[in-house]
Amino acid sequence: MSITLDEVRHVARLARLELDEAELLAFQGELNSLLGRCQELQSIDVGELSPRTHAVALTNVLADDTPTQGLDQSLALRGAAVTRAGLFVVPTIIEE
Amino acid sequence: MGSGYEASVGMEVHVELATKTKMFCRCPTGFGGEPNTRVCPVCLGHPGTLPVPNREAVEMVVKTALALNCQVPTDSVFHRKNYFYPDLPKGYQVSQYGETNPIGYHGWLEIRPKGREPKRVKIRRVHLEEDTGKLIHTAEGGSGVDYNRAGVPLMEIVTDFPPDITDPEEAKEYLVQLRLLLLYLGVTDGKMEEGSLRCEPNISVRPLGAATYGTKTELKNLNSFKSVQLGIEYEVGRQIQALERGEAVLQETRGWNESTLISYPMRTKETESDYRYFACPDLAPMRFTAETVERVREDLPESPRARFDRYRRDLGLSDYDAGVLTSEIEWAEFFESALGQGVDPKLLCNWLTGDTARMLNESGLAIRDSQLTPSHLADLVRMIESGEINSKVAKEVLEEAFKSGAMPSETVRSQGLAQISDDGFIVEEVARVIAENPGPSEQFRSGKEQVIGFLVGQVMKATQGRANPAKVQEEMRRQLG
């Protein structure tokens, strides 16, 4: 199993990363070595074990539905590059 | 359709749960208000924060799953659905993926479209996720983002494939019944105009009898039951026309424009594998034991359908009355609450669906916004039942209660409106009317039966309608006999 250059381009686009040709090639190499590592793991016999999604043995970690005070508006917006009228401002999103 | 085509409609319904706090943090939920005032480091996706699921939201989804006849799995996990869009500060939405992982799967809801056989609509899954923030397009350039809604518990209910719904009328009926059930369960306020309940149908058409389904489109921005029906009707028509012209239907998401009544293509989204779903490592798996599930099942409130059946069977109400009293949650709760005060169901129903409904209609008020409470109606019906007031007085007293909020029994007492059943008084009044009307009295004696109405009327007039008319008539016949 190996990853093609087009697949690297695709996942880079999904991650909103702009990569030049040299970077694409470098990432292809790194991703392929990661996939190789996964293949190594796949060779381990886990037939006796049931699949699991989490490494910790916790279940039902839940909280009561009781409101607490969050951040006030100015504090919430403090880390934002651009704000206006209490809103975070991002480059225009074209929806239609 | 009548056009040689048949439609198939899948329904995806998003429901904002009526919890006090968000799904993974304890910021309060709410509608409107100043932007970015119900936010915290967790729902803003700050690094190093740890989400904790809302127990109440999880229970609401289990409840809904059971009410929709779904299976509840022993183990259920949250997944991350990864995509970049500024309405999600984290770069992913917490959701639930998989066939048998969601809190509910493989259920059904029965619908009864008018004049048709009941039909079961199969439910594929009921899962729990988080709502997104709101994008506001500003005139100054750039898009503004308000994260007050980001992280509000959102339940998604999806019908199964192949679709059971085959036309716009059924789609609307499904949504009406689903919303009613959710309101009975108390898991949402169900306000479509505020976006608490959002419906995204996917629609396809195929030639009658064709073995495979046509290409489907998904429709968004449907903000009312009417839009849902009109939007699906339009989309079915548009697809049939395309096929008739020999064009292909494109798989796409389309928006519904409520003013032009036309659907338009929207931004195409990533395909499913692009979302790179994986189990969220920050959120511990949920485990539902058989005991937990049974406990929730036992606590389920009565469904609209069960209540309808009970009203017909146990209270002897007609289909129509039972329908009126169960199909809107406000009426259902009002009736139940008044009934709980021990009054006659049929009388209560008549006064509620008759004069009360008329006054509400005329004033344009919803029952919950009026001054009438279930106690007003119970009080009124109790007096009618005991013969304390007749129906003419009852009408006046109800109108007074509607206008001023006065308790009917108070009005009757303070204005001396109680029905006169006192025998001595009635005997005297009847004797007086006979003495004052010798002509009509003589006519009655000589066999002109209908004159009794006039004579009784004179007594009623003299007592401002408060005399017990049955007693007056009885006494009149005795004295004239």
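Is one or more of the residues making up segment B:76-83 within 30 Å of the chain's Cα centre (by Cα), within 12 Å of chain A (Cβ to nearest Cβ) and at pLDDT 95 or above? So far as segment B:76-83 goes, yes, one or more of its residues are within 30 Å of the chain's Cα centre (by Cα), within 12 Å of chain A (Cβ to nearest Cβ) and at pLDDT 95 or above.
The residue that is surrounded by the most Cβ atoms within 10 Å (Cβ to Cβ), counting only those in segment B:91-106 that are under 20 Å from B:E16 (Cα atoms) and not small (G, A, S), is B:P102. B:P265 falls short on exactly one of the conditions (1) at pLDDT 95 or above; (2) open to solvent by 50 Å² or more (accessible area, probe 1.4 Å); (3) within 12 Å of another protein chain (Cβ to nearest Cβ), and that condition is (1).
For (1) in contact with a Lys or Arg (Cβ under 6 Å, 6 or more places away or on another chain); (2) closer than 30 Å to B:K134 by Cβ; (3) modelled with pLDDT of 90 or more, each residue gets a yes or a no:
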site: A:L31; (1), (2), (3): no, no, yes
site: A:D72; (1), (2), (3): no, yes, yes
site: A:A85; (1), (2), (3): no, yes, yes
site: A:F88; (1), (2), (3): no, yes, yes
site: A:T92; (1), (2), (3): no, yes, no
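When the helices (runs of 4 or more DSSP H) confined to segment B:326-443 are screened for residues that are more than 30 Å from B:T188 (Cβ to Cβ), those reaching at least 1 such residues are found at B:345-351, B:357-363, B:374-385, B:391-404, B:408-414, B:423-436. What do you reckon, is B:K134 open to solvent by 10 Å² or more (accessible area, probe 1.4 Å), under 29 Å from A:S74 (Cβ atoms), among the basic types (K, R) and at the interface with chain A (Cβ under 10 Å from one of its Cβ atoms)? So B:K134 passes the test. On the stretch given as segment B:31-45, residues that are at pLDDT below 95 and at negative phi total 1. Sub-7 Å Cβ pairs linking a first residue in segment B:60-83 that is open to solvent by 40 Å² or more (accessible area, probe 1.4 Å) to a second residue that is basic (K, R), at least 6 apart or interchain, are B:T74/B:R287; B:D75/B:R287, ordered by first then second residue. Counting only helices (runs of 4 or more DSSP H) wholly contained in chain A, the ones carrying 3 or more residues that are open to solvent by 60 Å² or more (accessible area, probe 1.4 Å), more than 11 Å from chain B (Cβ to nearest Cβ) and of a type outside the set (K, R) occupy A:21-42. Does at least one position in segment B:200-223 carry a residue that is under 19 Å from the mean Cα position of the chain (by Cα), closer than 25 Å to B:Y264 by Cβ and part of a loop (DSSP other than H, G, I, E, B)? Yes, segment B:200-223 contains at least one residue that is under 19 Å from the mean Cα position of the chain (by Cα), closer than 25 Å to B:Y264 by Cβ and part of a loop (DSSP other than H, G, I, E, B). Take B:A470 and decide whether it is within 56 Å of the chain's Cα centre (by Cα) and surrounded by fewer than 13 Cβ atoms within 10 Å (Cβ to Cβ). Spelling it out, B:A470 is indeed within 56 Å of the chain's Cα centre (by Cα) and surrounded by fewer than 13 Cβ atoms within 10 Å (Cβ to Cβ). Residues that are within 33 Å of the chain's Cα centre (by Cα) and either within 14 Å of B:P51 (Cα to Cα) or outside the structural domain of B:T159 (by TED's automatic domain parsing) (or both) within segment B:84-95 comprise B:Y92, B:Q93, B:V94, B:S95, listed in sequence order.
Within segment A:6-29, can one find any residue that is within 21 Å of the chain's Cα centre (by Cα), at positive phi and not aromatic (F, W, Y)? Yes: segment A:6-29 contains one or more residues that are within 21 Å of the chain's Cα centre (by Cα), at positive phi and not aromatic (F, W, Y). Of all the criteria given as (1) in contact with a helix residue (DSSP H, G or I) (Cβ under 8 Å, 6 or more places away or on another chain); (2) of a type in the set (D, E, K, R); (3) assigned by TED's automatic domain parsing to the domain that holds B:N82, the one not satisfied by B:R297 is (3). Identify all residues within segment B:316-347 that are crowded, with 20+ Cβ neighbours inside 10 Å and either acidic (D, E) or touching a His at 6+ places or on another chain (Cβ under 6 Å) (or both); write none if there are none. Result: B:D321, single match. Of everything listed in (1) in a loop (DSSP other than H, G, I, E, B); (2) out of contact with any helix residue (DSSP H, G or I) (no Cβ under 8 Å at 6 or more places or on another chain); (3) surrounded by 13 or more Cβ atoms within 10 Å (Cβ to Cβ), the single unmet condition for B:L243 is (1). Just one of the listed residues (B:V381, B:V433) is assigned by TED's automatic domain parsing to the domain that holds B:K461 and modelled with pLDDT of 90 or more, namely B:V433.
The values are calculated or read from the model by the stated rules, or taken from the named source; none is laboratory data. Values in this document were obtained by computation on a predicted structure and should not be read as measured data. Note: ideal-geometry Cβ built from the backbone for every residue, glycine included; neighbour counts use all protein chains shown. Note: accessible area is taken over every heavy atom of the protein model, side chains too, but ligands, DNA and RNA are not part of it. Shrake-Rupley method; radii C 1.70, N 1.55, O 1.52, S 1.80 Å.
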